[in-house]
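One structure is given below, encoded as structure tokens.
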Amino acid sequence: MIYENKQETAAEGAVYYLFGATGDLARRKLFPALFSLYKEGKLADNFAVVGLARRPRTNEQFRSDVYDSITEFCRYKADDTELWNRFAEHFVYMSLDIHNVDGFRQLNALSAELDAKFGIPGNRLFYLALAPELFGPVSFNMREGGLLESAGWHRLVIEKPFGYDLESAKKLNAQISQVFKEEEIFRIDHYLGKEMVQNIEVIRFANAFFEPLWNNRYIANVQITLSETVGVEERGGYYDKSGALRDMGQNHMLQMLTMIAMEPPSRLHPEDIRDEKVKVLRSLRGYSSSEEVRRNVVRGQYAEGTLKGKPLVGYRQEDSVAPDSVTETYFAAKVFVDNLRWAGVPFYIRTGKRLPVKTTEVVVEFKNMSENVLFARKHDLSPNLLVIRVNPMEGIYIKINAKKPGSDNAVQPVAMEFCQSCMVGINTPEAYERLIHDAARGDSTYFTRWDEVAAAWAFVDRIAEAWREDDSDLSFYPAGTWGPQKADQLLADDGFFWWPVNGQEEDNVIWVTNSSK
Ligand SMILES: NC(=O)C1=CN([C@@H]2O[C@H](COP(=O)(O)OP(=O)(O)OC[C@H]3O[C@@H](n4cnc5c(N)ncnc54)[C@H](OP(=O)(O)O)[C@@H]3O)[C@@H](O)[C@H]2O)C=CC1
Ligand SMILES: O=C1O[C@H](COP(=O)(O)O)[C@@H](O)[C@H](O)[C@H]1O
């Protein structure tokens, strides 16, 4: 959704402080995003990037790291030497331990030099690609070091996870709120930067086809799948304490659910949109007992298996994972949004690592027309579907029923497809490009506000609490399969099934069925 009256303009000149500049996120996502923005003219020429981490680096070494990252991960290549040199000139590195306040004073002095050199009006964007326990200390030291005294605006961009539960998130928020105002805090959920997630609002609110049907009268269920083929890889230290529920559920999955379920905002303004999203999060029906959690939420952990012929170890055999870990690498849940629009409509959400395909999809399954005397009783009608493909394929398709050519009146399901990522000339911006650009323009639409984060934790905490009491419901699924069978049962109990997602084996695709209620 485009913020009302907002132009796709270049961001105002600013110093970008990249804390964690030697880390994985900076290398894989942030440097490439900055280069793409620069190449597309979305960064004004008066900017500077200061890379910050403890490791020593010269400016030259740092620029060389940035170059390597762009070569490996950016959708544009840095093969135009003149452009690259102009871009690289804006990058400097300073070795800094975030606990050392004197280092921040030196950083402040460096910032004044950069302002003068590049004509930057004192604007400061602090990007914390750091472990969350450092967010509080780094914010205090920015203030102590004088970095917030410059003439322009000051914005803090922070990465997920925002806390471990509601209590820790509140503490974290209290710390950063002593230094920054809510409107200066940009909490990243990179799924909100994905083109097709942003497209959900347009598809819903700009089409006469959908909005009138977008309620419990016509929709049977909604399915949200975020499946990954990757395992935990080298992130075991973090992931083993987090698990799928906190890593993907509390943030990306619930954020996508809010985009599907929210009421139309009164204006396309960040606060109006976020007001509607938080209402959805507050309407999530909390599970009232541990028993109810077990009935509605399935968790699993991948065991040894094979994916595309490649043998894979189980989660417990991964480096930096406890050999008796009960951390879930998969979860599926049945969720209800208790409001007038959605009463009685189940939202099934699932995510997992080491599943057969990498895909993010939303399937909206419409109710069958029970009063349809012409076709429903004579033919095995398939429900209409609207499928929003988020990644890696981007697009939408609609499944409708049509006459089978050559038959008397036989009905068959057919798909109408719009594949955005197949269109020649479309080079979709990466989520991080969009989000850095938005933060630099002060647009917080696609960042999570504190009340959203808190409401999401409140919902997730109930599940985590039940899981802590007893882990006997943890199932093990072979790597390369679709997770625990109990997740299928979750839908089967309601007369539904998971619709095959993009890339799933053709053999499994069930097109003509009437197993839905
Ligand atoms: N990697 C990813 O794909 C994603 C990461 N995130 C989040 O982003 C954040 C960063 O993740 P990631 O890049 O993977 O982590 P890494 O462990 O790869 O990087 C951490 C960075 O922090 C720096 N650092 C650590 N301690 C200090 C300190 N005391 N003072 C200054 N710098 C310090 C390290 O540099 P040095 O050792 O040189 O000091 C390093 O640059 C985390 O919150 C993570 O959850 C979120 C989504 C995806
Ligand atoms: O935030 C995270 O997201 C990635 C998946 O992101 P995607 O854009 O590749 O779909 C996930 O692998 C990671 O565990 C999680 O921290």
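Things worth noting here:
- In this structure the amide hydrogen of residue 307, modeled in the peptide plane, comes within under 5 Å of the amide hydrogens of 312, none closer than 5 places in sequence on its chain.
- Sequence-separation-based contact order of the range 6-159, relative, with Cα cut under 8 Å and 6+ spacing, percent: 30 percent
- In the chain, the calculated helix contribution to ellipticity at 222 nm averages -9500 deg cm²/dmol per residue, counting -39,500 (n - 2.57) for every DSSP H run with n ≥ 4.
- In the context of the full protein assembly, residue 358 retains an accessible surface of approximately 80 Å², using a probe radius of 1.4 Å and ignoring ligands and nucleic acids.
- Taking every protein chain into account, the accessible area of the chain amounts to 42 square angstrom per residue (probe 1.4 Å).
- On the beta carbon distance between residue 285 and residue 465, with R0 = 22 Å, the FRET formula returns roughly 0.85.
- Each peptide in 232-239, 11-18, 436-443, 74-81 gets a packing score, the mean of other Cβ atoms within 10 Å over its residues, and the list from highest to lowest is 11-18, 436-443, 232-239, 74-81.
- Principal axes of the range 9-157: Cα extent on each, largest first, Å: 41, 29, 25
- Efficiency of FRET from Cβ geometry, residue 182 and residue 55, R₀ 35 Å, rounded to 0.05: 0.60
- Between residue 202 and residue 458, full extension at 0.36 nm per residue minus the direct alpha carbon distance yields a gain of 89.3 nm.
- Cα-Cα over 27 Å, subset of 279/367; 77/399; 194/404; 171/358: 77/399; 194/404; 171/358
- Per-residue ³J(HN,Hα) for the range 186-194, Karplus 6.51 cos²θ - 1.76 cosθ + 1.60, θ = phi - 60°, Hz, x for Gly and Pro: 10, 8, 6, 10, 5, 5, 6, x, 6
- Between 453, 422, 251, the Cα set farthest toward the positive side of the dipole of the chain (charges on each charged residue's Cβ, about the Cα centre) is that of 422.
- Mean shadow area of the chain over all directions, Cα convex hull, nm²: 25.8 nm²
- Once the Cβ-Cβ distance of residue 76 and residue 493 is raised to the sixth power relative to R0 = 41 Å, the FRET efficiency obtained is 0.25.
- With contacts taken as Cα pairs under 8 Å at a separation of at least 6 residues, the chain carries a relative contact order of 17 percent.
- Bridge type composition, the chain - antiparallel percent by DSSP, nearest 5: 55 percent
- Overall, the accessible surface of the range 6-159 at a probe of 1.4 angstrom is composed of carbon and sulfur to the extent of 48 percent.
The values are calculated or read from the model by the stated rules, or taken from the named source; none is laboratory data. Predicted model, so just to flag it, every value in this text is computed and none were measured. With ideal geometry, Cβ positions are generated from the backbone for all residues, glycine too; neighbour counts draw on all protein chains shown. The area values use the complete protein model at the heavy-atom level, side chains included, leaving out ligands, DNA and RNA. Shrake-Rupley method; radii C 1.70, N 1.55, O 1.52, S 1.80 Å.
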